[in-house]
Amino acid sequence: MSNKPIGMFDSGIGGTSIFKEIHALLPFEHIVYLADSKNAPYGNKCKDEIIALSIKNTELLLEKNCKLIVVACNTATTNAIKILRESYAVPFIGIEPAIKPAALNTRTKAIGILATKGTLSSELFHHTTDLYTNDIKIIEQIGDGIVPLVEAGQTNSAAMKVLLTTYLKPMLDKDIDYLVLGCTHYPYLIPMLLELLPKHVKIIDSGLAVAKQTKAVLEQQKLVNLGEKASENVFFSNGNVTVLDTILEHQFSVKALNF
Ligand code: DGL
């Protein structure tokens with residue numbers, strides 16, 4: 001049993017969508033969140049660069065004494081988690097596009113996946129896709145330009161609407177009935193996606209599954225915080241904290257610190 005914090009990192013503010021799920025499920029766990037906004041987006045970087053940034057983030061979180069690390073970024077998970085697991089003793093939880101539930105439930109036999117270039121081109125993504133999507137059409141779409149807009153607080157902007165409309169069109173032309181969100185920044189787009197998608201198209205993201213997996217691993221490895229004091233959560237960012245602070249103040253009354 002351990003009262004050390006859980007560490008989380010993302011290329012920026014997107015992983016806060018996962019933070020919310022973990023905090024809701026594990027309210028007594030302290031969390032240290034690292035937003036590497038200075039280096040966002042990760043999605044267009046090469047694998048080696050994504051690995052180097054993931055190692056840097058991990059080392060910072062280990063300096064803060066974290067007992068487990070959630071890689072709250074699909075791009076970093078699909079490109080770097082194998083190396084992180086081989087290199088460090090703490091457990092790592094990753095996030096990948098939730099293809100399996102979409103593939104198991106689709107009626108139209110067509111599912112759309114919106115993710116970064118780094119995720120869609122990764123070996124891990126292809127491996128998972130091959131496992132579950134034999135007789136199913138997968139319409140993959142790189143969400144170029146989305147992450148910078150979310151980082152800039154333009155989640156509900158006209159520019160975002162143009163991008164999403166363009167990206168959804170080929171999927172809707174192929175009659176998808178599931179849209180898988182393969183990037184932790186994208187849950188912030190759900191209100192706009194609900195406006196743009198026909199009612200029968202379901203949106204899937206992996207946030208809750210990651211929170212459940214985090215809980216399961218803490219229990220298995222006897223790392224649960226048994227204290228019943230409200231958790232203390234600390235958010236670090238190396239970029240402009242305005243947008244992050246808006247999310248945090250709105251929901252958790254804390255302010256981000258610079259690193
Ligand atoms: N939140 C990251 C992900 O889940 C965003 C990637 C990026 O920075 O491009 O993939």
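The values are calculated or read from the model by the stated rules, or taken from the named source; none is laboratory data. Remember, it's a predicted structure, so these values are computed and weren't measured experimentally. Neighbour counts are summed over all protein chains in view; Cβ atoms, including those assigned to glycine, are modelled from backbone coordinates with ideal geometry. Accessible surface areas use protein heavy atoms only, side chains included; no ligands, DNA or RNA. Shrake-Rupley method; radii C 1.70, N 1.55, O 1.52, S 1.80 Å.
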**Item:** Filter result for the condition that a residue is away from the ligand (no atom under 13 Å from the Cβ), more than 25 Å from Gln220 (Cβ to Cβ) and either without any contact (Cβ under 8 Å) to a residue 24 or more places away in the chain or not hydroxyl-bearing (Ser, Thr, Tyr) (or both), over Lys64, Lys56, Lys100
**Value:** Lys56
**Message:** Tell me yes or no: at least one residue of the stretch 26-49 is away from the ligand (no atom under 14 Å from the Cβ), open to solvent by 50 Å² or more (accessible area, probe 1.4 Å) and of a type in the set (A, V, I, L, M).
**Reply:** no
**Prompt:** Is at least one residue of the stretch 218-233 within 30 Å of Ala102 (Cβ to Cβ), assigned to a helix (DSSP H, G or I), open to solvent by less than 50 Å² (accessible area, probe 1.4 Å) and in contact with a helix residue (DSSP H, G or I) (Cβ under 9 Å, 6 or more places away or on another chain)?
**Reply:** no
**Fill in**
A careful count of residues in the stretch 196-217 that are buried (at least 21 other Cβ atoms within 10 Å of the Cβ) and part of a loop (DSSP other than H, G, I, E, B) gives 2
**Item:** Residues that are open to solvent by 50 Å² or more (accessible area, probe 1.4 Å) and touching a residue at least 24 places away in the same chain (Cβ under 8 Å), drawn from the stretch 178-195
**Value:** Pro191
**Asked** Looking at (1) part of a loop (DSSP other than H, G, I, E, B); (2) free of Cβ contacts under 8 Å to residues at least 40 places away in the same chain; (3) touching a strand residue (DSSP E or B) at 6+ places or on another chain (Cβ under 6 Å), which is the one condition that is false for Asp175?
**Response** (2)
**Item:** Residue within the stretch 243-257 that is free of Cβ contacts under 8 Å to residues at least 40 places away in the same chain, touching a Ser or Thr at 6+ places or on another chain (Cβ under 9 Å), within 22 Å of Leu68 (Cα to Cα) and open to solvent by 30 Å² or more (accessible area, probe 1.4 Å) present
**Value:** yes
**Matching residues, the stretch 25-48, being more than 22 Å from Phe252 (Cα to Cα) and within 18 Å of the chain's Cα centre (by Cα)** = Lys38, Asn39, Ala40, Pro41, Tyr42, Gly43, Asn44, Lys45, Lys47
**Item:** Ile22 vs. criteria open to solvent by less than 10 Å² (accessible area, probe 1.4 Å) and more than 10 Å from the ligand (Cβ to nearest atom)
**Value:** yes
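Going through the stretch 113-138 one residue at a time, which ones are open to solvent by less than 30 Å² (accessible area, probe 1.4 Å), outside any helix (DSSP H, G or I) and under 18 Å from Gly43 (Cα atoms)? It would help to see each step written out before you state the result.
Going residue by residue through the stretch 113-138, those that are open to solvent by less than 30 Å² (accessible area, probe 1.4 Å) are 113-116, 118-120, 122, 125, 128-129, 133, 136.
Still in the list and also outside any helix (DSSP H, G or I): 113-116, 122, 133, 136.
Selection gives Ile113, Leu114, Ala115, Thr116, Ser122.
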**Request:** Return the pairs, sorted by first residue and then second, in which the second residue is assigned to a helix (DSSP H, G or I) and within 11 Å of the ligand (Cβ to nearest atom), the first residue lies in the stretch 111-125 and is of a type in the set (Lys, Arg), the beta carbons are less than 9 Å apart, and the residues are 6+ apart or on different chains.
**Result:** Lys117/Thr75
